[in-house]
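Below you'll find the structure, written out as structure tokens, and then a few comments.
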Amino acid sequence: MSASANQGLRALADRWLPKLVLSPTLAASLIFVYGFIAWTGWLSFTESRLMPRFEWAGFVQYQALFENERWWTAAANLGIFGSLFIVCCLVVGLLMAILLDQKIRAEGALRTIYLYPMALSFIVTGTAWKWMLNPDMGLQKVMNDLGFANFTFDWLVNPDMSIYTVVIAGVWQSSGFVMALFLAGLRGIDDSIIKAAQVDGASLPTIYRRILIPSLRPVFFSVLLILSHIAIKSFDLVMALTGGGPGNSSDVPAIFMYQFAFTRGQLGQGAASAMMMLFTIVAVLVPLMYMETRSAKRV
Amino acid sequence: MFKNLTVGRALVYAALLLVAIYYLLPLYVMLTTSFKSLDDIRNGNMLALPQAWEGGAWVKAWAEACTGVECGGMKGFFWNSVKMTVPAVLISTLLGAVNGYVVSMWRFKGSDALFTMLLVGCFIPFQVVLLPMAQLLGMMGIANTTTGLVLVHVVYGTAFTTLFFRNFYITVPDELVKAARIDGAGFWTIFGRILLPISGPIFVVCVIWQFTQIWNDFLFGVVFAAGESQPITVALNNLVNTSTGVKEYNVDMAAAIIAALPTLFVYMVAGRYFVRGLTAGAVKG
């Protein structure tokens, strides 16, 4: 083969190989992400129960969903859990990052301790906290043994409080991660700005309040994005900790979807609730991403 | 300055130490509980050390505990998780490497749009694909098998791994690749000779991230693998939430630690990369 033909072949390969390499993943994405969303969306407009049926039935599934009290319990729980989880993680994470930023000895060891829960499965976290919050032998007993005879802690079995136990365990698992992101953000800020402010006589709290925390804006948006994503999808933690109970008191949309679709044989309801979860994610993430790109452009 | 205020410094350290105790407490309680006898658990205090250290709960959790109808302990499910995680991590990482190479170094018309299209896969709640996936796995005859789970994890993990490698390769100067092309190096030669040798760190980050995600997954496991092929997270949940007979908290805790050990081990050995993976995953937003 001549040198030029060889070169032509190479040029041809260079033109097509990249597309060829990328195509399996693209095809998979088209089928397994976009196609499957369309499939679920279609299913949510049918009267499917045990078996999928494909005749158009309008909004019956959504109507049934919105008339289902359990769905509203799940949605309200997501609101309570989501907002508390996000606020607590942000506050605890930011506070810890600021404290760790004070030229602390053994910073590495402390960071390791704060972050190890992220390596655990939510099922493990749920199992551990379920045992510790156990009203008979857990925290309550520890406090009673310490002399607080009237101390009661029955949130795990109290329908009014069970969702808050999920917040406790969730914050324990995720706040270290938020700390790591904020700490990385703080370390990324140009030292000269801080030095200049110090020369101007600004106190440390002022420097944090007026300069450092405002410049964490982009990090703040990423954290918000990740936390709301975790909150909306939360499933395993609730399953392991309360199983959605007592009764349905700590139900969340992900558990609702799982049970209707896979244990009760109500495919249409499962599909409709899954679509509602997708809409929620889009409704939360799209404005956040928009704000994030805008704030990133400005900085 | 703050750093000269000794009282202030002491307060900072006290606060940090207190938080550290809060984070370590569950691990401590899990460990001590797993070594206690049931009597010790019932009569003693959750925070106390075991009166006598006993390993019985560990043996039971590993080989005898009942997860539903079966009573073979965590052993079999641990290996299920290994058999699921190892191939899924390897395949999704390799795919992500070549995909990331294409979308960063071989951009063509529309490649950015295609990459964005791929990224959407990182954001969707997986509930929205569960029903059709269950149907498809059933049709392919791999419902309730480890093979099915590997497929699912590869399919939905590749969006993340592509992002990891793309964000890494985008920092490599273009000139390197251009010069190599002028010298006559082709697609695979450039990848193998120039990019792979510098990709060590990102491979570690990506493998650790995928390993943690897939090992810890519960949703796909509980939906797509029932009975014998279920991964350890599902088995653990079954063990803890089966309410037959006496609740053996020591066995529960030992089983939970067994389920957590592989990812904890990876975190201890390669924590630096673990953190980098988390932050890289976060950049994606």
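The values are calculated or read from the model by the stated rules, or taken from the named source; none is laboratory data. Computed from a prediction, not measured in an experiment: that's the story for all the values here. When we count neighbours, we look across all protein chains shown, and the Cβ atoms used for this are built from the backbone with ideal geometry, even at glycine.
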Could you pull out the residue among B:F203, B:F191 that is over 20 Å from B:I124 (Cβ atoms), within 23 Å of the chain's Cα centre (by Cα), among the aromatic types (F, W, Y) and in a helix (DSSP H, G or I)? B:F203
Kindly provide the set of residues from segment B:155-175 that are of a type in the set (A, V, I, L, M) and within 13 Å of chain A (Cβ to nearest Cβ), ordered by number. B:V155, B:A159, B:L163
Restricting the search to segment B:165-188, which residues are among the small types (G, A, S) and not in a loop (DSSP other than H, G, I, E, B)? B:A179, B:A180
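Among what's in segment A:45-73 and is aliphatic (A, V, I, L, M) and out of contact with any Leu (no Cβ under 8 Å at 6 or more places or on another chain), pick the residue that is nearest to the other protein chains (Cβ to nearest Cβ).
Within segment A:45-73, the match that is nearest to the other protein chains (Cβ to nearest Cβ) is A:L65.
Quick grid of which residues meet (1) assigned to a helix (DSSP H, G or I); (2) surrounded by fewer than 23 Cβ atoms within 10 Å (Cβ to Cβ); (3) without any contact (Cβ under 8 Å) to a residue 12 or more places away in the chain:
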position	(1), (2), (3)
A:G245	no, yes, no
A:D251	no, no, no
A:F260	yes, no, no
A:I281	yes, yes, no
A:V284	yes, yes, no
A:M291	yes, yes, no
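Determine if segment A:1-22 includes at least one residue that is part of a helix (DSSP H, G or I), more than 7 Å from chain B (Cβ to nearest Cβ) and under 30 Å from A:L278 (Cα atoms).
no
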Residue satisfying all of: in segment B:99-114; at the interface with another protein chain (Cβ under 9 Å from one of its Cβ atoms), part of a helix (DSSP H, G or I) and touching a residue at least 40 places away in the same chain (Cβ under 8 Å); farthest from A:G265 (Cα to Cα) among these: B:M105
Looking at (1) β-branched (V, I, T); (2) touching a residue at least 60 places away in the same chain (Cβ under 8 Å); (3) part of a helix (DSSP H, G or I), which one does B:V246 not meet, given that it meets all the others? (3)
Count of segment A:218-276 residues which are of a type in the set (S, T, N, Q) and closer than 30 Å to A:R53 by Cβ: 6
Quick one: which residue in A:A274, A:A197, A:A254, A:A283 is out of contact with any Gly (no Cβ under 7 Å at 6 or more places or on another chain), modelled with pLDDT of 90 or more and more than 11 Å from chain B (Cβ to nearest Cβ)? A:A283
List the number of the failed condition for A:A76; all other conditions in (1) more than 30 Å from A:F151 (Cβ to Cβ); (2) more than 12 Å from every other protein chain (Cβ to nearest Cβ); (3) small (G, A, S) hold. (1)
Out of the residues in segment A:50-93 that are among the charged types (D, E, K, R) and either in a loop (DSSP other than H, G, I, E, B) or outside the structural domain of A:A261 (by TED's automatic domain parsing) (or both), which is nearest to the chain's Cα centre (by Cα)? A:R53
I need a count of the residues in segment A:257-267 that are more than 10 Å from every other protein chain (Cβ to nearest Cβ) and touching a helix residue (DSSP H, G or I) at 6+ places or on another chain (Cβ under 6 Å). 2
Any idea which of B:G76, B:G96 is assigned to a helix (DSSP H, G or I), within 11 Å of chain A (Cβ to nearest Cβ), crowded, with 16+ Cβ neighbours inside 10 Å and within 26 Å of the chain's Cα centre (by Cα)? B:G96
Please enumerate the residues belonging to segment B:7-44 that are within 29 Å of A:C88 (Cα to Cα) and polar (S, T, N, Q). B:T32, B:T33
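Scan segment B:34-47 and give yes if some residue there is in contact (Cβ under 8 Å) with a residue 12 or more places away in the chain, within 10 Å of another protein chain (Cβ to nearest Cβ) and either acidic (D, E) or surrounded by fewer than 17 Cβ atoms within 10 Å (Cβ to Cβ) (or both), otherwise no.
Step one: filter segment B:34-47 for residues in contact (Cβ under 8 Å) with a residue 12 or more places away in the chain, giving B:34-38, B:40-41, B:46-47.
Next, from what is left, pick out any that are within 10 Å of another protein chain (Cβ to nearest Cβ): B:41, B:46-47.
This time we only want the ones that are either acidic (D, E) or surrounded by fewer than 17 Cβ atoms within 10 Å (Cβ to Cβ) (or both), so: B:47.
Checked against the condition, which is being in contact (Cβ under 8 Å) with a residue 12 or more places away in the chain, within 10 Å of another protein chain (Cβ to nearest Cβ) and either acidic (D, E) or surrounded by fewer than 17 Cβ atoms within 10 Å (Cβ to Cβ) (or both), segment B:34-47 yields at least one hit.
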Restricting segment B:215-243 to residues that are in contact with a Ser or Thr (Cβ under 9 Å, 6 or more places away or on another chain) and part of a loop (DSSP other than H, G, I, E, B), the one surrounded by the most Cβ atoms within 10 Å (Cβ to Cβ) turns out to be B:P231
Taking A:R217 and the conditions (1) in a helix (DSSP H, G or I); (2) within 11 Å of another protein chain (Cβ to nearest Cβ); (3) not aliphatic (A, V, I, L, M), which numbered condition does it fall short on, given that it satisfies the others? (2)
Quick check on segment A:116-157: of everything there that is under 25 Å from the mean Cα position of the chain (by Cα) and not in a helix (DSSP H, G or I), which residue is farthest from the other protein chains (Cβ to nearest Cβ)? A:L133
With the checklist (1) in a helix (DSSP H, G or I); (2) aliphatic (A, V, I, L, M); (3) touching a residue at least 60 places away in the same chain (Cβ under 8 Å); (4) surrounded by fewer than 21 Cβ atoms within 10 Å (Cβ to Cβ) in hand, flag the one item A:M96 doesn't pass. (4)
Determine whether A:N68 is surrounded by fewer than 21 Cβ atoms within 10 Å (Cβ to Cβ) and modelled with pLDDT of 85 or more. yes
